[in-house]
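Enquirer: Mind having a look at this structure? Questions to follow.
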């Protein structure tokens, strides 16, 4: 009973948890839903592979001296069209992530409600989903960037032959890859903002719901 | 036997004063609770009964700090919850109330031990302390051997035991149990009821459960009947003994 007396009528504010805890829980969520995550990730892989391919092809073509000026012009035209395609594919990727995360939130309503019953703050729940999306985004982007880079180098090798390796702008290729990974990560997190906020706002009483 | 059930002090774990809850649905206002007055003393074992649509769940959410009343006051451990902000409510839910659900609601990605330590981590306890206490609590509910198991590797009864241990994690004043035996068979349900009774007696924790389970009524100190948004009647166990005895006899035959 002494426990009650000392704590009685002293309500304090719930503390914010260290990010490490959110990170741990989010990583485990990805691991246990590995194949499902892979489907979400595959969308990012394709988009970022395409993005990397286009960026790096641009760099590589610029670095290799053309004999005919005409070719350079068509290449430039191709590029504009490709940038449009990239924009659209990034948008599709964004929508895909939002959709996948919304499904994930709906599916886990009871888990989220329970966590809130146990004392999780809205922000903690939001963080869980954002971290999950960030990791999916990064994994997908890294795979995609590698794929895209290999493809662009392979294509230039086929077009120009073995001499191309001496001419490749490695610094630019490297920064292009990094940039593409960054874009993938940002898109994934942005796509998860709305679903994560919805999860954060979910009332704790949802934990008691027995029907879906 | 009844010392805990009849505490000498008049400390109230939960007190509601003229609680009214209204839901606005389009143009119509639905009044789920129409003025509930309740006093539940610390250490009591209470069952809340009522048909679906009676306002039972609404009242239950109110007592659990999951929802605020439209009018009236709800005191949990003598604190008026209507004045609390989101951070304070989260703190209250974390420290003062333990929840047990019909569907167990363990986090599937975590082991039994991690599930039990989660509320302690939310409360800011260090991982090592939380682990020690979690193992101790799992021992208390009779799952000392299975602390590394994931929920899916446990039976329903075992999962509910883990949930009981989790509810106790931060030494709450109140354990709120929503149909704790609803998804369990007769025998396991009985074991959970006995476990709750044991925790109630040994730890002096107030237990409030919404239930249809007659076995549950048999161990309750008081049964509160809700009908149509109002307290219909409050019965003490003694008044109910004979009735429940026969019904349970039939059920188990």
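Any read-out appearing in this document is the output of simple, stated calculations on the displayed coordinates, not a laboratory observation. All values reported here derive from a predicted model rather than from experimental measurement. Cβ placement follows ideal geometry from the backbone for every residue including glycine, while neighbour counts extend to all protein chains displayed.
Enquirer: How long, wide and thick is chain B, going by the Cα atoms along their three principal axes, in whole angstroms, largest first?
Expert: Here the Cα extents, ordered largest to smallest, are 50, 49, 42 Å.
Enquirer: In degrees from 0 to 90, rounded to the nearest 10, what is the angle of the helix A:170-201 Cα long axis to the longest principal axis of chain A?
Expert: It works out to around 30 degrees.
Enquirer: Per residue Cα convex hull volume for the range A:56-212, in cubic angstrom? Don't jump to the answer; show the numbers that get you there.
Expert: On the way: hull volume 17.3 nm³, N = 157.
Hull volume normalised by residue count: 110 Å³.
Enquirer: Separate question: Using all alpha carbons of the protein assembly as shown, what is the percent of pairwise distances in each 20 Å bin, ordered from the shortest bin to the longest?
Expert: With 20 Å bins starting at 0, P(r) equals 22, 43, 21, 11, 3, 0.
Enquirer: Still on this structure: Considering every residue in B:98-108, what mean count of other chain Cβ atoms within 10 Å of its Cβ is obtained?
Expert: Working: counts 2, 7, 0, 8, 3, 6, 2, 9, 2, 9, 7.
Across the residues of B:98-108, the mean count of other-chain Cβ atoms within 10 Å is 5.
Enquirer: Further question on the same structure: When the helices in chain B are scored as -39500 (n - 2.57) per DSSP H run of 4 or longer and the sum is shared across all residues, what 222 nm value do you end up with, to the nearest 500 deg cm²/dmol?
Expert: Details: 8 runs with 95 residues, N = 253.
Result for chain B: -11500 deg cm²/dmol, rounded to the nearest 500.
Enquirer: Let me ask you something else. Mean-square fluctuation check for chain A, GNM, Cα pairs under 10 Å: which of A:181, A:11, A:173 is largest?
Expert: In the Gaussian network model the winner is A:11.
Enquirer: Something else: Within 10 Å of each Cβ of B:84-92, how many other protein chain Cβ atoms are there on average? Before the final figure, lay out the partial values.
Expert: Details: counts 2, 3, 5, 9, 4, 7, 12, 7, 4.
Rounded to a whole number, the mean comes out at 6.
Enquirer: Now for a different question. I'd like the distance separating the alpha-carbon centroids of the range A:90-158 and the range B:118-187, in whole Å.
Expert: Answer, in whole Å: 31.
Enquirer: How well do other chains shield peptide A:109-117, expressed as the mean number of their Cβ atoms within 10 Å of each residue Cβ? It would help to have the intermediate numbers written out before the result.
Expert: On the way: counts 0, 6, 5, 0, 4, 11, 5, 6, 14.
If you average over the peptide's residues, the count of other-chain Cβ atoms is 6.
Enquirer: Between residue B:185 and residue B:27, what's the calculated FRET efficiency when r is the beta-carbon distance and R0 is 35 Å? Round to 0.05.
Expert: Values: r = 45 Å, r/R0 = 1.30.
So, using R0 = 35 Å, E works out to roughly 0.15.
Enquirer: Now, a different point. Okay, helix-only estimate at 222 nm for chain A: each DSSP H run of n ≥ 4 adds -39500 (n - 2.57), divide by all residues, round to 500 deg cm²/dmol; what do you get?
Expert: Working: 8 runs with 173 residues, N = 212.
After summing the helix terms and dividing by residue count, I get -28500 deg cm²/dmol.
Enquirer: Label the range B:138-188 by shape, choosing from rounded, prolate and oblate, from the square roots a ≥ b ≥ c of the eigenvalues of the Cα gyration tensor; if a/c is under 1.5 it is rounded, and otherwise prolate applies when a/b is larger than b/c, oblate when it is not.
Expert: The shape class here is oblate.
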